[in-house]
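Q: The structure that follows is given in the form of structure tokens.
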Amino acid sequence: MASLNDIAQELKDMEENIILIYAFNATGKTRLSVEYKNLTKKTEDGEHTGVYYNAFSEDLFVWDNDNDNGEQNIKLDIRPSNLNSLHNLINEEYVEKKLLPYRRKYNFFFNTNQNSEKGYDSVQFYANDDSNTPIKISRGEERIFVWCFFLALFEVDGWPDTQSEHTFIDDPVSSLDDHNIYVTVFTVYELLEREFENRKIIITSHHFGFLTILSDMLGKGSNAHKFRNRDNSKKYKEFILEGNSNDLSLIKAKNGVFLYHLRLLQILNQAKETEVFNYHFALLRQVLENIASFLGVGQFSYVLEQIGIIDIDRVAFIVNALTHLNVYRQQFDKPVPDNLDMFNEVLNRIMVKFNFIIPNE
């Protein structure tokens with residue numbers, strides 16, 4: 001086990017220029033990106049040596065709902081940061097090009113700060129057929145817009161060329177549906193293909209499908225040869241990050257594939273043989289959701305039905321209740337006997353129904 005600083009140092013020391021890392025929520029992905037940023041600053045002046053996209057990037061964009069005026073002037077404010085001086089390097093057209101694959105259903109315009117050198121103050125959105133009434137876009141649309149805003153910044157001179165050692169991208173698919181996750185894979189792949197020979201690029205995500213597709217494109221796509229050395233070894237590495245920010249493990253993904261459900265099943269089966277805690281229900285739910293996603297359904301209750309669970313609503317309720325974020329912090333709370341019996345039944349039925357082959361440690 002290792003600390004955030006240890007993991008960041010390990011990533012920094014790797015020779016490969018592409019590193020893909022899977023970690024479920026609350027593991028510490030965002031904190032790892034911050035730790036990496038601090039570790040790689042220039043010692044002489046503390047300047048950043050790379051560029052970043054993470055939750056702090058998203059937090060720079062905050063809605064002003066203009067409630068006092070009936071939402072007549074609703075807008076997405078852009079908080080001041082050291083990036084404001086770069087805003088004048090991009091405009092609506094730059095961001096529109098990045099948004100094209102997402103088939104946006106709105107128009108937008110940037111509002112320039114009174115001091116133009118301080119960049120954009122906010123952005124307003126309008127329905128395609130109404131350029132007079134500002135609207136509020138959905139959470140998913142907002143996340144896509146912010147991601148595309150940063151994709152545009154990643155390409156201009158003045159930021160990525162001066163902080164050119166690495167790019168760290170943390171979870172660009174939060175709050176996105178499956179279609180837009182798939183689109184985002186291609187935007188990230190284009191970035192990798194364009195930049196990986198010149199800088200280290202680290203991608204972290206909680207979405208195993210996103211990373212699996214990206215891994216397949218690197219390893220099996222039409223340009224897979226670009227990501228191989230002359231001896232056919234890979235120019236990229238894939239890992240699973242486990243634990244919490246104070247006690248972490250960076251585990252090499254087996255066979256170059258993010259079959260994280262197998263790793264989860266391995267952990268759950270080991271727990272069944274030793275001791276089950278409440279946080280294991282969160283892992284069980286992830287397995288159920290992964291199977292549901294593979295089967296093309298939206299609810300894991302369908303999987304419970306397929307494996308022969310009788311009281312589906314009750315079991316789903318218990319799994320949901322014990323999957324609250326706090327269970328990650330209450331690792332030593334044990335389930336009551338009835339819940340433990342349910343845990344064992346669901347896990348056993350999953351193994352029998354789908355005949356998973358669990359890798360050895």
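Q: How large is log10 of I(q)/I(0) for segment 171-270 at q = 0.18 Å⁻¹ when the intensity is taken from the Debye formula with one equal scatterer per alpha-carbon?
A: Here log10 of I(q) over I(0) equals -0.96.
Q: Would you mind checking Lys105/Lys220; Lys235/Lys272; Lys237/Lys334; Lys41/Lys97; Lys234/Lys353; Lys41/Lys237 for any pair whose Cα atoms are more than 29 angstrom apart?
A: Cα-Cα > 29 Å for Lys105/Lys220; Lys235/Lys272; Lys237/Lys334; Lys41/Lys97; Lys234/Lys353; rest within.
Q: Follow-up question, since we're still on this one. Per DSSP helix of 4 or more residues, -39500 (n - 2.57); summed, then divided by the residues of the chain. What does that give at 222 nm, rounded to the nearest 500?
A: Only helices count here, giving -12500 deg cm²/dmol.
Q: For segment 112-179, what D do you get in µm² per second when you plug the Kirkwood radius from alpha-carbon pairs into Stokes-Einstein at 4 °C and 1.567 mPa s?
A: This corresponds to a translational diffusion coefficient of 88 µm²/s.
Q: Where does helix 4-13 land angle-wise versus the long Cα axis of the chain, in degrees 0 to 90, nearest 10?
A: Compared with the principal axis, the helix lies near 70 degrees.
Q: Let me ask something else. Placing +1 at every Lys and Arg Cβ and -1 at every Asp and Glu Cβ, with all other atoms neutral, what dipole size does segment 57-148 have around its Cα centre, in debye to the nearest 20?
A: In total the dipole reaches around 400 debye.
Q: Let me ask something else about it. Given the convex hull over the Cα atoms of the chain, what projected area results after averaging over all orientations, in nm²?
A: 21.8
Q: Which order do Leu191, Leu248, Leu211 fall in if you start with the one that has the fewest other Cβ atoms within 10 Å?
A: Result, fewest neighbours first: Leu191, Leu248, Leu211.
Q: Let me ask another. Could you work out how far helix 312-321 tilts from the main Cα principal axis of the chain, as a 0 to 90 degree angle to the nearest 10?
A: That helix lies at roughly 60 degrees to the long axis.
Q: Ok, one more. What is the helix-to-structure angle for 279-295, meaning the angle in degrees between its Cα long axis and the longest Cα principal axis of the chain, kept from 0 to 90 and rounded to the nearest 10?
A: Relative to the chain, helix 279-295 is tipped by roughly 80 degrees.
Q: Between Leu100 and Ser233, what is the spin-label point distance in nm, taking each point 7 Å from the Cα along the Cα→C-beta axis?
A: Going from the Leu100 label point to the Ser233 one covers 3.9 nm.
Q: Considering the Cα positions of segment 260-354, please state its Rg to one decimal place and its Dmax as a whole number of Å.
A: Final numbers for Rg and Dmax: 12.2, 34 Å.
Q: For segment 69-109, what is the per residue volume of the convex hull drawn over the alpha-carbon atoms, in cubic angstrom?
A: 106
Q: Can you grab the distance from the C-alpha centre of segment 123-159 to the C-alpha centre of segment 59-83, Å, no decimals?
A: Result: 13 Å between the Cα centres.
Q: For segment 57-148, what percent of Cα pairs sit more than 22 Å apart?
A: 24
Q: By counting other Cβ atoms within 10 Å of each Cβ, how are Met351, Met1, Met217 ranked from fewest to most?
A: Neighbour counts put them in this order, fewest first: Met1, Met351, Met217.
Q: Next question, about the same structure. Determine by what factor the alpha-carbon radius of gyration of segment 1-140 differs from 2.2 N^0.38 Å, reporting the quotient.
A: Normalised Rg, Cα atoms only: 1.32.
Q: Right, something else. For segment 117-232, list log₁₀ I(q)/I(0) at each q in 0.09, 0.11, 0.14, 0.15 Å⁻¹, using the Debye formula over Cα point scatterers of equal strength and ignoring solvent, two decimals each.
A: -0.32, -0.47, -0.72, -0.81
Q: Oh, and also: Where both residues lie in the chain, what percent of DSSP beta bridges are antiparallel, nearest 5?
A: That works out to approximately 55 percent antiparallel.
Each reported figure results from applying straightforward, stated rules to the coordinates on display, with no laboratory input. Predicted model only: the values in this text are computed from it and were never measured. Neighbour counts run over all protein chains shown; Cβ positions are idealised from the backbone, glycine included.
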